[in-house]
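Student: Below is one structure. I have some questions about it.
The values are calculated or read from the model by the stated rules, or taken from the named source; none is laboratory data. What you see is a predicted model, and the numbers here were worked out from it, not measured in a lab. Here Cβ is always computed from backbone atoms with ideal geometry, including for glycine, and neighbour counts include all displayed protein chains. Only protein heavy atoms, including side chains, enter the accessible area calculation; ligands, DNA and RNA are left aside. Shrake-Rupley method; radii C 1.70, N 1.55, O 1.52, S 1.80 Å.
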Amino acid sequence: MKRFYLVGFLVLMAFDTLAQISFKYAGMHALPLEFSTAWLLRVFGQPWIYGAFVGYVGAFFAWMTLLKHAPIGPAFAASHLEIVSVLLLSVWLFGETIGWPQVAGGLLIVAGIACLAVSETADAPDGDGGADPARAGGNPGGGAVPASAAVLAQAASHAEPAARGHGAATAARASDASGRG
């Protein structure tokens, strides 16, 4: 699963970076701004606007796939790695300069993501598959279902077949009552 997260976040960062760099290039060719057919043809005649669309669509699907598996806290933080990648690429592609505030900010972003990842690793269940359903994904309140519904669903799965329908109904009512079902 660690490889999935690593590859997934690298793909997300690549798509987000493509979108931002493409928008920069598209913006450079879009000036001066004017509301005319000629301007629209000029903007949509540049390949960079399509790179931006591909970047956003790719980032959307990568993000949705990651959210299905990753705890929301570290995932959201790691989704902002493109800030660092765009900063670094802007030096090479656009000749921009990086000062100490940008270096410190980039390091703080990476350090924050590392801290969140370490805390999630410490909260992760052991290899026995016995995850605590009350923790629902290792992130308090971050699971796909409320903790009470997860506990009820687990209890229903261990019930006798005749009672299983009643347990599932109880879990569904608990989910509806919490407003998050």
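Student: Scan segment 74-110 for residues that are of a type in the set (Gly, Ala, Ser) and in contact with a Ser or Thr (Cβ under 8 Å, 6 or more places away or on another chain) and report the count. Reasoning before the result, please.
Tutor: First, the residues of segment 74-110 that are of a type in the set (Gly, Ala, Ser): 75, 77-79, 85, 90, 95, 99, 104-106.
Then drop every residue that is not in contact with a Ser or Thr (Cβ under 8 Å, 6 or more places away or on another chain), which leaves 85.
Counting residues in segment 74-110 that are of a type in the set (Gly, Ala, Ser) and in contact with a Ser or Thr (Cβ under 8 Å, 6 or more places away or on another chain) gives 1.
Student: Among the residues of segment 45-64, count how many are open to solvent by less than 60 Å² (accessible area, probe 1.4 Å) and of a type in the set (Val, Ile, Thr).
Tutor: Step one: list which residues in segment 45-64 are open to solvent by less than 60 Å² (accessible area, probe 1.4 Å), which gives 45-46, 49, 51-52, 55, 58-59, 62-63.
Narrowing the set further to residues that are of a type in the set (Val, Ile, Thr) leaves 49.
The total comes to 1.
Student: I've got another one for you. So which of 112, 105, 73 is open to solvent by less than 40 Å² (accessible area, probe 1.4 Å), modelled with pLDDT of 90 or more and not aliphatic (A, V, I, L, M)? Working first, answer last.
Tutor: On the way: 112 fails: modelled with pLDDT of 90 or more; 73 fails: modelled with pLDDT of 90 or more.
That would be 105, the only listed residue that is open to solvent by less than 40 Å² (accessible area, probe 1.4 Å), modelled with pLDDT of 90 or more and not aliphatic (A, V, I, L, M).
Student: If residue 96 satisfies every condition in (1) of a type in the set (D, E, K, R); (2) open to solvent by 40 Å² or more (accessible area, probe 1.4 Å); (3) under 18 Å from residue 15 (Cα atoms) but one, which is the exception?
Tutor: It is condition (3) that residue 96 fails.
Student: Can you pull out the residues in segment 1-12 that are of a type outside the set (A, V, I, L, M, F, W, C) and open to solvent by 30 Å² or more (accessible area, probe 1.4 Å)?
Tutor: To start, the set of residues in segment 1-12 that are of a type outside the set (A, V, I, L, M, F, W, C) comprises 2-3, 5, 8.
Scanning segment 1-12 gives 2, 3, 5.
Student: So is residue 15 part of a helix (DSSP H, G or I), closer than 25 Å to residue 110 by Cα and open to solvent by 70 Å² or more (accessible area, probe 1.4 Å) or not?
Tutor: Working: part of a helix (DSSP H, G or I): yes; closer than 25 Å to residue 110 by Cα: yes; open to solvent by 70 Å² or more (accessible area, probe 1.4 Å): no.
The answer is no for residue 15.
Student: For segment 32-44, which positions are assigned to a loop (DSSP other than H, G, I, E, B) and open to solvent by 80 Å² or more (accessible area, probe 1.4 Å)? Can you show your working first?
Tutor: From segment 32-44, those assigned to a loop (DSSP other than H, G, I, E, B) are 32-36; that's our starting set.
Within segment 32-44, 32, 33, 35 meet the criteria.
Student: Now, a different point. Look at residue 29 and say whether it is in a loop (DSSP other than H, G, I, E, B) and either surrounded by 14 or more Cβ atoms within 10 Å (Cβ to Cβ) or touching a residue at least 12 places away in the same chain (Cβ under 8 Å) (or both).
Tutor: Numbers: in a loop (DSSP other than H, G, I, E, B): no; either surrounded by 14 or more Cβ atoms within 10 Å (Cβ to Cβ) or touching a residue at least 12 places away in the same chain (Cβ under 8 Å) (or both): yes.
Judged against the criteria, residue 29 is not a match.
Student: Quick check, is residue 78 open to solvent by 30 Å² or more (accessible area, probe 1.4 Å) and small (Gly, Ala, Ser)?
Tutor: On the way: open to solvent by 30 Å² or more (accessible area, probe 1.4 Å): no; small (Gly, Ala, Ser): yes.
Spelling it out, it is not the case that residue 78 is open to solvent by 30 Å² or more (accessible area, probe 1.4 Å) and small (Gly, Ala, Ser).
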